[in-house]
1. Determine the per residue accessible area of the chain with all protein chains present and a 1.4 angstrom probe, expressed in square angstrom.
2. Within the accessible area of the chain, what % is carbon and sulfur when the probe is 1.4 Å and the other protein chains stay in place?
3. How tilted is helix 2-20 with respect to the longest principal axis of the chain? Cα atoms for both, answer in degrees (0 to 90, nearest 10).
4. Can you work out the Karplus-derived ³J(HN,Hα) for every residue in segment 41-52? Use 6.51 cos²θ - 1.76 cosθ + 1.60 with θ = phi - 60°, whole Hz, and x for glycine or proline.
5. Wrap a convex hull around the Cα atoms of segment 23-88, take a quarter of its surface area, and give that in square nanometres.
6. Report, in deg cm²/dmol and to the nearest 500, the calculated mean residue ellipticity at 222 nm for the chain, where each DSSP H run with n ≥ 4 adds -39500 (n - 2.57) and the sum is divided by the residue count.
7. Find the relative contact order for the chain and round it to a whole percent, using C-alpha pairs within less than 8 Å whose residues are 6+ positions apart.
Amino acid sequence: MHELSLANEVIRIAGYEAKRNNADLISEITIEAGSFCGVESEIFRSSLEMLSEGTILAGALLNIERKKGKGYCRNCRLEFEMNNRTDG
């Protein structure tokens, strides 16, 4: 269940960036997650909500944007979108 560790790291980074920018509150955060990242969005969302209580992210709106996978062809040097790990 690495979603819990990822959520904890998001809170750490958000706190660091807020302090660096003299912010007292974060009201919204957007996370991009690739289609092959192995993160379950709802478990990640629940983990972030649970761990953010009492932090600068408490009550923040969480947007999780899913991104398609990308591959790279060494022969033609083109990048392309992938629907699964065996595309290409």
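1. Result: 75 Å² of accessible area for each residue.
2. Of all accessible area on the chain, carbon and sulfur atoms account for 49 percent.
3. Orientation of helix 2-20: about 60 degrees from the principal axis.
4. After applying 6.51 cos²θ - 1.76 cosθ + 1.60, I find 4, 6, 5, 4, 4, 4, 4, 5, 4, 5, 6, 7 Hz.
5. Here the figure is 6.0 nm², rounded to one decimal.
6. The helix-only estimate for the chain comes to -11500 deg cm²/dmol at 222 nm.
7. 32 percent
The values are calculated or read from the model by the stated rules, or taken from the named source; none is laboratory data. For clarity, every value in this text was computed on a predicted model and none was experimentally measured. When the accessible area is computed, the model is the full protein with side chains, heavy atoms only, and any ligands, DNA or RNA have been set aside. Shrake-Rupley method; radii C 1.70, N 1.55, O 1.52, S 1.80 Å.
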